[in-house]
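Single-structure report; data block below.
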Amino acid sequence: MRRRAPSLLITVLTALSALLLAAPPASAHTELESSSPQNGTRLTHTPATVRLTFSEPVELDDVHIAVAGKQVKVSRSGHGNDAVQVTVPRTAAGRDRLALVWQVLDMEDGHPTSGTLSFRLTAKATSDTTTPTAAPEPNGTVREAWAAVRWAGYLALALYVGGLAFVALLWPQGAGDPRTRRLLTLSWTAGLAASLLAPGLQGAYGAMGTLGDVFRLPTYTGLLSSEVGIVAACRVLMWVLAAIVLAAVLQGGDRAARSPGWRVGALAVALGLLRTTSMTGHNSEGTHPGWGAVADVVHLLGVSLWLGGLTLLLFGVLPRRRPEELSAVVSGYSRLAGVAVAAIVAAGVVLTWQVVGSFGALVDTGYGRLLLLKLAVLTLVLLIAQRSRGWVKTRLDIAVLLRGDRATVRPFVHSVAAETGLVLVVLAATSLLVTSAPGR
């Protein structure tokens, strides 16, 4: 197995390179295709209106434009659903330059794209000689908070789904373990909180607002009328249903964890959480969105099984130092983790091909470089895990023979903790990728 790992890694990287070289460029977020007047045009006077045409249809509520530092009303231009126009306010007249800051939300995943249109005015200033107010830009603090909440949401999802799978498949008696019960409860609480906060942060960022706008009702009402808001509401509902599944296993203990009825309910809720989470990613982009949707669910499931299992192993199984549990659970998790990692790699290849679409976009854009960083860390985790597998097995055998002696279990704990920490880094990169625009 150790000899086959490098060759398997080389095969995967070769296949990924071939896909990137052969794939057509993927469609990224909604972009500005043209404007009338064109960007950079020299004008003799301030235009009455400016028309913006985007790469795909847009909703008026999803387009935000600021002129001279103030938000202006957006209306249809009569040139199709992909075009809008704004009336330039009088306060913008009499200046030597006109700047329009625009931001648009993608209709499918709700991610914002922004830019600036600038026009040089050659006529002399008339009555208004006031220094132009800086046009508002997307709030960096809001974006950082959005990325942090996304990371917390991914972590909570992985711990909840992976933790329930670990208990159901490998360690039913863990349903009665106090540490495991606290961990599952904490993951559910964090998941629900993240699902409530993320839409507000996304809406505030899309509207070029501040952190204070996150707690204002209009931020949510405007978002809930869109497809992104509907998905967010469904995700909140799934977390509410997840409370029922969690309460059942906390009350019933290992008897509930072994019950077929509870397992079916847990599977349905887990799939619902995975699907509603993946719908806010980039899988809908590219030439085959169906494949992207399936790959994203598989990717999230693999990460959940891997990270959730590692966490319960670290905080639930190992502190008990029970030889029978160590022998049975660790060997079972090793096989489950192998399947999860294979699913992560396979789904990652599909998603990279789907979203990035070309080798140039992988190396020449911020999104592509962040993805390369994530892949590098993931490769490092896999190599470390593969090299330590034989060492861990030896230490585990000794720990079982010595009836869970603390000194023999401790190195195993350190190994699992290091692997868990590296997986969290991969998860952090994932949350940044979700809040970034491909090809930018």
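Any read-out appearing in this document is the output of simple, stated calculations on the displayed coordinates, not a laboratory observation. In this text, all values refer to a predicted model and were calculated from it rather than measured experimentally. For neighbour counting, all protein chains shown are included, and Cβ atoms are generated from backbone atoms with ideal geometry for every residue, glycine included.
Simple spin-label model, 7 Å along Cα-to-Cβ: THR141 to THR379 in nm?
Simple spin-label model gives 3.9 nm for this pair.
Would you please give the residues with an amide H less than 5 Å from that of GLY209, counting only those at least 5 places away or on a separate chain, with H modeled from the backbone geometry?
The list, which skips near neighbours in sequence, is ASN139.
What nm value, rounded to one decimal, do you get for the distance between ALA247 and THR189 when each label is placed 7 Å out toward the C-beta?
The answer from the label model is 1.7 nm.
Run the numbers for THR221 and ARG255: contour at 0.36 nm per residue of separation, minus the present Cα-Cα distance, in nm. Display every interim value, and only then the final one.
Values: separation 34, 0.36 × 34 = 12.24 nm, distance 4.31 nm.
Once the chain is fully extended between THR221 and ARG255, it gains 7.9 nm.
Can you run phi through the Karplus equation (6.51, -1.76, 1.60; θ = phi - 60°) for segment 303-309 and list ³J(HN,Hα) in whole Hz, with x for Gly and Pro?
Per-residue couplings from phi come out as 5, 5, 4, 6, 6, x, x Hz.
Quick one: compute the contact order of segment 32-121, relative version, from alpha carbon pairs under 8 angstrom and 6+ residues apart, as a percent.
On the way: 188 pairs, mean separation 29.3, N = 90.
Once normalised by length, the contact order is 33 percent.
By how many nm would the segment from ARG120 to GLN173 lengthen if fully extended, with 0.36 nm per residue of separation less the alpha-carbon distance?
Values: separation 53, 0.36 × 53 = 19.08 nm, distance 7.18 nm.
Working it through step by step, the gained length comes to 11.9 nm.
Using a Förster distance of 22 angstrom, determine the FRET efficiency expected from the C-beta separation of VAL264 and ALA346, and round it to 0.05. Before the final figure, lay out the partial values.
Values: r = 26 Å, r/R0 = 1.18.
Efficiency computed from Cβ-Cβ geometry: 0.25.
How far, in nm, would the chain grow between GLU33 and ASN81 when pulled straight, counting 0.36 nm per residue and subtracting the alpha carbon separation?
Numbers: separation 48, 0.36 × 48 = 17.28 nm, distance 1.34 nm.
Once the chain is fully extended between GLU33 and ASN81, it gains 15.9 nm.
Charges only on Cβ, +1 for Lys and Arg, -1 for Asp and Glu: so what's the dipole of segment 32-121 about the Cα centre, in debye to the nearest 20?
Numbers: 9 positive and 10 negative charges, 181 e Å.
Computed about the Cα centre, the dipole is about 860 debye.
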